[in-house]
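Novice: Here you go, one structure.
Readers should treat all values here as calculations from the given coordinates under stated rules, not as data from a laboratory. Everything numeric in this text was worked out from a predicted model, so none of it was measured. Neighbour counts run over all protein chains shown; Cβ positions are idealised from the backbone, glycine included.
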Amino acid sequence: MGHPFAHTRQTVDTPGMKFSDITAPTPTTESLAAAYAQINAELDAGALKTAIAAWDTLRRSVETWSALVHLRFEQDTANAEAKAARDYADELNPVATSHEIALKRRLLALDRQAVAAITGNHALRLWETDVTTFEPVIQGDLEQEAKLTAKYTELLSSAKIPVAGEIVNLSGLAPFAQSLDRPTREAAMRGLWGFFAANGAAFDDIFDELVKRRHGMAQKLGFETYIELGYRRMRRVDYGATDVARYRDQIHTHVTPLVGKIMEARRKAHGWEKLYAWDEALTDPLGNPKPAGGETYLTAQAQKMFANMAPELADFFETMTQGGFLDLDNRPTKAPGGFCTSFANAGMPYIFANFNGTHHDIDVFTHEMGHAFQNFRSKNLPGFDYLWPTMESAEIHSMSLEVLAFPQIALMVGDAAADRYRRMHLIESLAFLPYGVCVDHFQHEIYANPQATPAQRHEIWKRLERKYLPWRDFGDVEYAAKGGYWQKQMHIYGSPFYYIDYTLALCCALQFWVKSRQNYAAAMRDYVVLCGRGGQAPFQALVASAGLISPFAPGALEAVVADAEAVLA
Ligand SMILES: [Zn+2]
């Protein structure tokens, strides 16, 4: 079959690419208006292919600039210049969106087949969704939403938590939170919730304003609540809130009791009278396996690991390390967390992390690398819209790499700890599912009741936490015990309705794990091919194309859970 996209295909080559070479001009309101006027003039003249190609180049450039600005802010949230640049980007973003939406509307009104011959059909479905999420009337709301999210990130990054004679930020707290020493774990949790209690009003206010802004935007766009708009902003075209609710019920029925049993077994094994929330992070009774070395060591080991998994992964990782596309150490003013971003005009991704000596450091090489590899493999797909898939599909690439790395994991944790690492990872995967759906259910209730008070929101969380995570006991750590836990979950503030995506992807990743145990080479091949498909299709179609069962289909969840349970038994 001939390639229908050959004519406008943008080929990006990356030989010897260096991060320091990545640049993109700073757009302005005027430059964007001029660029879009030029594209519209091409369309007026009937030059569809030229117009779409020019638009693609422009979007890659603007996206690269925006990614650089956001990355520099996250790398040093206390840097006034980086913050000013981010503020400027956040203000300009709705202007760019406004132009984009107008062009998408225009293209959707043209001969559909002619456009699809250039961009592929799925892009049109995405645009049909996108155009319902924006009208110029919400431009100011979008700006404020971005600023509130930045404010939340700054507040989180400002945490200076005293624990065991040290002062740490949120990323630095993790080793204490999963310490083998129980009083240290408890102290870490008390320190964490002390910080949230001290800033509770600020966390509540930011969220209250976010919810009301989002609800207001939904109403201005003609939706009853933010839920429908939220789904559309996530570009979900092949499932809805009813499917997700049914899926949450499945997790509650099949996984919550299993995790409850695992927690109860842990309590008994340690001889504790009660299992407290600070005991949950100690998954391995001997202490969670730690990486066998620091940044330099792990990076070298990862190169060996990828060479043993797939040559494509090894080549790509070398490009990443040689080009300086990783920022891994934890610095005091760095934003917490880890992510993968990308520079679309160069076809290169970038990994941001905060090493803290726990097994989470390994995730950089097994999780973020999955995102990066997919993005890299998709760089020459026909058009900007396919560089990343929607998030539930994107997390398949990352979470599957975590389990596909299992046979090689001794390189990262040492031979003696390899089996324990795999066991820990499986237990944490299972335990994650009820938490993930709890976060999702919470957001549905929040946006269905936008007028709820902060106190009512804490009540909602507490009720749902009791439903999905009935073992969770914060003792007398009051702020968390009263339903404040959700405030440390960044996605709830910055990326509404994203969280369920991790659990959907995990369902698929566990299927890859089952397959890899039967035929590793075949599973790895399917994985590499899936990464190359990028965002060319919606979630359930991508899942089916890799021979996986949709998490919404009957039985998909039970099967993987049963396998995991059997291995753990
Ligand atoms: Zn991810």
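Novice: Between the helical axis of 256-270 and the dominant principal axis of the chain, each derived from Cα atoms, what acute angle in degrees is found, rounded to the nearest 10?
Specialist: Computed tilt is about 40 degrees.
Novice: Given the pairs K290/K515; K274/K462; K147/K212, which span a C-alpha to C-alpha distance of over 24 angstrom in this model?
Specialist: Details: K290/K515 27 Å; K274/K462 19 Å; K147/K212 14 Å.
As for pairs spanning more than 24 Å Cα to Cα, those are K290/K515.
Novice: Tell me which of C438, P554, Q540 sits at the most positive position along the dipole axis of region 410-569, charges placed on C-beta atoms (Lys, Arg +1; Asp, Glu -1).
Specialist: About the Cα centre, the residue reaching furthest to the positive side is Q540.
Novice: Residues of region 284-316 with the amide nitrogen closer than 14 Å to a label point 7 Å from the Cα of A521, along Cα-to-Cβ, please.
Specialist: Under 14 Å, as judged by backbone N against the label point of A521, lie 309-311 of region 284-316.
Novice: Between beta-carbons, use under 11 Å as the cut-off and find the net charge around G323, counting Lys and Arg +1, Asp and Glu -1.
Specialist: Working: positive: K18; negative: D21, E318.
That sum, taken over residues with Cβ under 11 Å, equals -1.
Novice: Could I get the Rg over Rh figure for the chain? Both from C-alpha atoms, Rh via Kirkwood, rounded to two places.
Specialist: 0.94
Novice: Within the chain, what's the longest run with no GluC sites (Glu not before Pro) in a DSSP loop and at most 11 other beta-carbon atoms within 10 Å? Give the range, please. Write out the running numbers ahead of the final one.
Specialist: Details: sites that count: E224, E273.
With a cap of 11 other Cβ atoms within 10 Å, the longest stretch comes to 274-569.
Novice: Output wanted: per-residue J couplings in Hz (rounded whole) for region 194-209, from phi through Karplus 6.51 cos²θ - 1.76 cosθ + 1.60, θ = phi - 60°, x for Gly and Pro.
Specialist: So the Karplus estimates, Gly and Pro as x, are x, 4, 5, 4, 5, 10, x, 5, 5, 4, 5, 5, 4, 5, 4, 5 Hz.
Novice: What is the set of long-range amide H partners of V163 at a cut-off below 5 Å, with H atoms built 1.01 Å from backbone N?
Specialist: Here V168 satisfy the definition.
Novice: Hey, another quick one. Straight distance only, please: which aspartates and glutamates reach the Cα of K268 with their own Cα at less than 13 Å, same-chain residues fewer than 8 apart left out?
Specialist: Those aspartates and glutamates meeting the cut-off are D279.
Novice: Between T50 and A314, what's the calculated FRET efficiency when r is the beta-carbon distance and R0 is 41 Å? Round to 0.05. The partial results should precede the final answer.
Specialist: Working: r = 39 Å, r/R0 = 0.95.
Result of the calculation: an efficiency of 0.60.
Novice: Further question on the same structure: If you put +1 on each Lys and Arg Cβ and -1 on each Asp and Glu Cβ, how big is the dipole of the chain around its Cα centre, in Debye rounded to 20? Can you show the working numbers first?
Specialist: Details: 55 positive and 67 negative charges, 141 e Å.
Magnitude of the dipole: close to 680 debye.
Novice: Continuing with this model, one more query. Relative to the longest principal axis of the chain, what angle (0 to 90°, nearest 10) does the C-alpha long axis of helix 295-309 take?
Specialist: That works out to roughly 70 degrees.
Novice: Can I ask one more? Rounding to the nearest 20 debye, state how big the charge dipole of region 19-142 is about its Cα centre with +1 on each Lys and Arg Cβ and -1 on each Asp and Glu Cβ. List each step's numbers first, then the result.
Specialist: On the way: 11 positive and 18 negative charges, 88 e Å.
With only Lys, Arg, Asp and Glu charged at Cβ, the dipole is about 420 debye.
Novice: Between 0 and 90 degrees, rounded to the nearest ten: what's the tilt of helix 80-109 against the longest Cα principal axis of the chain?
Specialist: Long axis of 80-109 versus the principal axis of the chain: about 50 degrees.
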